[in-house]
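> Starting off with a structure, shown below.
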Amino acid sequence: NGIYKSIDAGATWVKLAGGLPSSSLIGRISLAVAPSQSSRLYALIASPATSSGGGASTQGAYRSDDAGAHWTSIPVGSIQSTYGWYLCVVNVSPTNASTVFFGGLNFVRSTNAGASFNTVTPPHVDMHAAAWDASGRLLVGDDGGVHRSTDLGNNWSSLNAGLGTVQFYAGLSSHPTNALIYYGGAQDNGTSRRSTNSKNWSQVVGGDGGWTQVDPVNPNRAFAEYQGSGNLFRSTDGGNNFNFSGNGIDVGDRNCFLPPYVIDGTNPNRMLYATQRLFRSLDGGSNWSVLSGDLTTGSGAIRTLALAPSDPN
């Protein structure tokens, strides 16, 4: 609910004011002290999250030049989307108290103590950590792994060789006749396809990769999705290209972040897709229509979906 300061090694604490938000509606706060000027402090404050985890947008950023007695608002903008409870980073250059970085969904830099900012986001969004190595190079940890910059964020290099930074969600699918080909959706790293030629993975759809499906009769036809209702995509060329395939699915429906969907193995043109209700396609995913009412008693969404192999009904 605020920023506190101790000058007796933590025995007692005083809540700071002097220009900080007076409201008790404060979410996550990140702090940084300038190593080269200990009286200069920076803070990034998010709004509190809602019960569903949203709502935590950037409430403000602040600078103090007198060790926290007084604070000045600085124009960092909205950099955390609604995930400030999760994405909240502040870091100051070890040699220059006026060079500061704030991280959320994006990564921004100021070289004038917060008077103005430039976006210097590394190759992947969602900032979690920032540090400096002994050579004065900037390091960040993000949803794409670890990246390093030698020029204060203007250019970045990946340090991910040997690191397992991809988390697959449920929904891995395989080619029915070629054991080398797989599709899988990954947390904030899209949907990727494993190639039979190089045995490497390549991204085919962005966002948070979710459930995937391959037509068991015609494996050139494959499906992938990203988070939210109706964000479904279909390939008809073996996964080389994907196009939108959610026509008729209500984007306003409740969802479990990554809605499940299935292909009928006895009739691949028949498919089911779940939000808080079921949708059905009879033309291989080109068009969808409502099949059921709300199956969740008014809250939540369907998380998993299966067709009985012995009885498609």
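The values are calculated or read from the model by the stated rules, or taken from the named source; none is laboratory data. Just so you know, these numbers come straight off a predicted model, no measurement behind them. Cβ: placed from backbone, ideal geometry, glycine included. Neighbour counts: every protein chain shown. Remember, those area values only see protein heavy atoms, side chains included, never the ligands or the DNA or RNA. Shrake-Rupley method; radii C 1.70, N 1.55, O 1.52, S 1.80 Å.
> In terms of the ratio Rg/(2.2 N^0.38 Å) built on C-alpha atoms, what value belongs to the stretch 28-125?
1.03
> Taking N as the number of residues in the chain, what is its Cα Rg relative to 2.2 N^0.38 Å? Walk me through the numbers on the way to the answer.
Values: Rg = 24.1 Å, N = 313, 2.2 N^0.38 = 19.5 Å.
Relative to the 2.2 N^0.38 Å estimate, the chain comes out at 1.23.
> Cα centroid distance between the stretch 34-81 and the stretch 286-307, in Å?
41
> Still on this structure: What order do Asp264, Asp133 take when sorted by accessible area (1.4 Å probe), most exposed first?
From most exposed to least exposed: Asp133, Asp264.
> A further question follows. Starting from the amide H of Val120, placed 1.01 Å from N in the peptide plane, find each other amide H under 5 Å away whose residue is 5 or more places distant or on another chain.
Those lying under 5 Å, H to H, from Val120 are Phe107, Val108, Arg109.
> Let me ask something additional. Taking the full set of protein chains and a 1.4 angstrom probe, give the accessible area of Val214 in square angstrom, rounded to the nearest 10.
Here the accessible area works out near 20 Å².
> If you don't mind, there's one more thing I want to ask. Using heavy-atom solvent-accessible surface (probe 1.4 Å) with all chains present, what is the largest-first order of Phe117, Phe102, Phe168?
So, going from the largest accessible area down, we get Phe168, Phe117, Phe102.
> Next up: Taking R0 as 30 Å, what's the FRET efficiency between Arg148 and Ala9 from their Cβ-Cβ distance, rounded to 0.05? Please report the intermediate quantities before stating the final value.
Numbers: r = 35 Å, r/R0 = 1.15.
Computed FRET efficiency for Arg148 and Ala9: 0.30.
> At 1.4 Å probe size, with no ligands or nucleic acids counted, give the accessible surface of Tyr83 in Å², nearest ten.
Here the accessible area works out near 90 Å².
> Using a 1.4 angstrom probe, figure out how much accessible area the chain has per residue, in square angstrom, rounded to the nearest whole.
Details: 14810 Å² over 313 residues.
I get 47 Å² per residue for this part.
> How much of the accessible area of the chain, in percent, comes from carbon and sulfur atoms when a 1.4 Å probe is used?
On the way: 7300 of 14810 Å².
Roughly 49 percent, rounded to a whole number.
> Multiply the residue separation of Asn1 and Asn220 by 0.36 nm, subtract the distance between their alpha-carbon atoms, and state the gained length in nm to one decimal.
Values: separation 219, 0.36 × 219 = 78.84 nm, distance 5.42 nm.
Stretched fully, the Asn1-Asn220 segment lengthens by 73.4 nm.
> Can you list which of the trypsin sites (Lys or Arg not before Pro) found in the stretch 59-154 are DSSP loop residues with at most 14 other C-beta atoms within 10 Å?
Within the stretch 59-154, the qualifying trypsin sites (Lys or Arg not before Pro) (loop, at most 14 other Cβ atoms within 10 Å) are Arg137.
> Let me ask something else. Any chance you could run the full-extension gain for Ser299 through Ser202? It's 0.36 nm times the residue separation minus the Cα-Cα distance, nm to one decimal.
Between Ser299 and Ser202, full extension yields an extra 31.3 nm.
> Keeping all protein chains in the complex and leaving out DNA, RNA and ligands, what accessible area do you get for His70 with a 1.4 Å probe, in Å² to the nearest 10?
Accessible surface of His70 is approximately 120 Å².
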